[in-house]
Every structure is written in C-alpha cells, then in structure tokens.
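Below: one structure, written as structure tokens.
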Amino acid sequence: MIVRLAEEQDFNGFLGLAAQVECWFGPMVEDVGFHEAVRKHIRRCTAIVAASEGPDLLGGLLFAAKAPTHHVHWLVVSERSRGKGVGRALMAEALRRFVRGPGSVEVVSFGADHPGAHASGARVFYERLGFAPAEAVEPGPEGGSRQVFRLAVT
C-alpha cells in the first residue's frame, strides 16, 4: 500500500469509493457538488489516497487544513480493504502533513442510531484513533443522524 497525495488521475477512483458508500451517505457519484469538492481538494493538495498496484483505490481522504480546527471532510476505505489499516494510514498521513497544534481535528460521522454506524465501523474507528464523540449535527442528505467526533492535538 502506498499512501500519497491524490492526483487528477485519481478522480475516478474517488467516484468508485463513493459508489460503495452511497447507501449510507446518499448520492455522490452523480453529484456535481461532490465532483467539485474532490477536484478542489486535489488541486489544493488536501486529498490523500491509499493505492495498490491495481487500478482501484484502497481508500481516500479529503481534509481541510485550517488551524486551529482541522476537518476531515470525507474518509472512505473500500469494502475489500476495511479492517486492514488503510483508514489508519490515511489519517496518520493527514495528521502528519497538515496538523500542527494546539488545536483539534473534527469529523462528522454517523450518529449512534444510524444503520451505517455499525455496518461501516466508522464510530469505533474514530474512537480507536482517540477521537471523542461530541455534539450532534444536522442529519445527512439521506436523513440519517450525524455526530461530530473530535481529537485534541497539542
């Protein structure tokens, strides 16, 4: 696995990852706003991918590196790569590249009652990385609950 900054040729790989999680997040593959967000992050060098020798990405992350509160805008690991350290590697690279303390890193994930909360493993993943569940936020586009997870950085 190679974890690196995303390049323009990774765009379709992001769409492939999005297709795997639309059931939890709502439509993205055909969403012009999602396309623009991915391309903007690639141009700004705030998109990171985990790649292997094949054409498909193992995972991808979109990050907002604005101190003191940094934001993970999107982190997805392919179905076949979940539980193999890909998400941890993506997050470690983002923290190494972009985060200088003091401050915090925030990510909006599924609320505890969302079906994707358990199926995706997202809540457990963030907690294992040291993020703490915080306030609830507006529901996602599909209507499911969302919650902020926050990591303090020094």
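General remarks:
- Estimated 222 nm signal from helices in the chain, with DSSP H stretches of n ≥ 4 weighted -39500 (n - 2.57), rounded to 500: -10000 deg cm²/dmol
- Segment residue 154-residue 2, length gained on full extension (0.36 nm per residue, minus Cα span): 52.0 nm
- Share of carbon and sulfur in the accessible area of the chain stands at 54%, probe radius 1.4 Å.
- Using C-alpha pairs below 8 Å separated by at least 6 residues, the relative contact order for segment 1-127 is 22 percent.
- By average C-beta atoms within 10 angstrom, highest first, the peptides 107-120, 126-139, 1-14: 107-120, 1-14, 126-139
- 1.4 Å probe accessible area per residue over the chain, in Å²: 52 Å²
- If you wrap the chain in the convex hull of its Cα atoms and look at it from every side, the mean projected area works out to 8.3 nm².
The values are calculated or read from the model by the stated rules, or taken from the named source; none is laboratory data. Fair warning: this is a prediction, and the values are worked out from it, not measured in the lab. Methodologically, a virtual Cβ is constructed for each residue, glycine included, from the backbone with ideal geometry; neighbour enumeration extends over all protein chains shown. Note: areas computed on protein heavy atoms with side chains; ligands, DNA, RNA excluded. Shrake-Rupley method; radii C 1.70, N 1.55, O 1.52, S 1.80 Å.
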